[in-house]
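Here's the structure we're looking at; comments come further down.
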Amino acid sequence: MGENETFSIIIAALDEEEHVENLVRSIFKQTYRPIEVIFVDDGSKDKTLHIVKKLKEEFDQKDFSISILETRKSNKGRGPAAAWNLGLSTSKGRYVLFLPGDAKLTKKDTLEIIGNKLPKNQIVGFKFKPIIDNSLESNISFDY
């Protein structure tokens, strides 16, 4: 992997106050750098945005950044595809990983492993089991 091969992680989330902090912290613990987290809120009515804004203040640094977008403010539509497409339109990374707001990277070298495989493969997949507790996650689970 080269020096400027940023990994963009695009998170689509709706009402994930119970999970989003664990997700962002698990991304921050990754051994891979640089990482660009693009958090796309799809109209949360709980404290999801507030939590992500606090995490942005805590973690933003040269090789780990968090940007926050909202699908309602962009008039791009709603749902996971719209959220991920909005995030992708602002992404600067060479590599992109799409995640729902309730995921968690359990191994610190997950991005390192994926990043090592990407130069030889256009797509690298990995399995995870989402927690389905709202309509956005239900749609995401059907996409997989």
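The values are calculated or read from the model by the stated rules, or taken from the named source; none is laboratory data. It should be emphasised that the depicted structure is a prediction, and the values quoted were computed from it without experimental measurement. Reconstructed Cβ throughout: ideal geometry from the backbone, glycine too, with neighbour counts over all protein chains shown. To get the accessible areas, we keep the full protein, side chains included, count just its heavy atoms, and leave off ligands, DNA and RNA. Shrake-Rupley method; radii C 1.70, N 1.55, O 1.52, S 1.80 Å.
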If you go through the stretch 97-144, how many residues are modelled with pLDDT of 85 or more, surrounded by fewer than 12 Cβ atoms within 10 Å (Cβ to Cβ) and under 17 Å from the mean Cα position of the chain (by Cα)?
-> 1
Would you mention how many residues in the stretch 1-45 are surrounded by fewer than 21 Cβ atoms within 10 Å (Cβ to Cβ) and among the aromatic types (Phe, Trp, Tyr)?
-> 1
Quick one: in the stretch 46-96, of everything that is hydroxyl-bearing (Ser, Thr, Tyr) and without any contact (Cβ under 8 Å) to a residue 40 or more places away in the chain, which residue is most open to solvent (accessible area, probe 1.4 Å)?
-> SER89
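Each row is one residue, and each column tells you yes or no for (1) of a type in the set (A, V, I, L, M, F, W, C); (2) out of contact with any strand residue (DSSP E or B) (no Cβ under 7 Å at 6 or more places or on another chain); (3) part of a loop (DSSP other than H, G, I, E, B).
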position	(1), (2), (3)
SER65	no, no, no
ILE68	yes, no, no
ARG78	no, yes, yes
ALA83	yes, no, no
LEU99	yes, no, no
THR106	no, yes, yes
LEU111	yes, no, no
GLY115	no, no, no
So is ILE27 out of contact with any helix residue (DSSP H, G or I) (no Cβ under 7 Å at 6 or more places or on another chain) and outside any strand (DSSP E or B) or not?
-> yes
Would you point out which residue out of GLU3, GLU36 is in a strand (DSSP E or B) and either out of contact with any Leu (no Cβ under 8 Å at 6 or more places or on another chain) or at pLDDT 95 or above (or both)?
-> GLU36
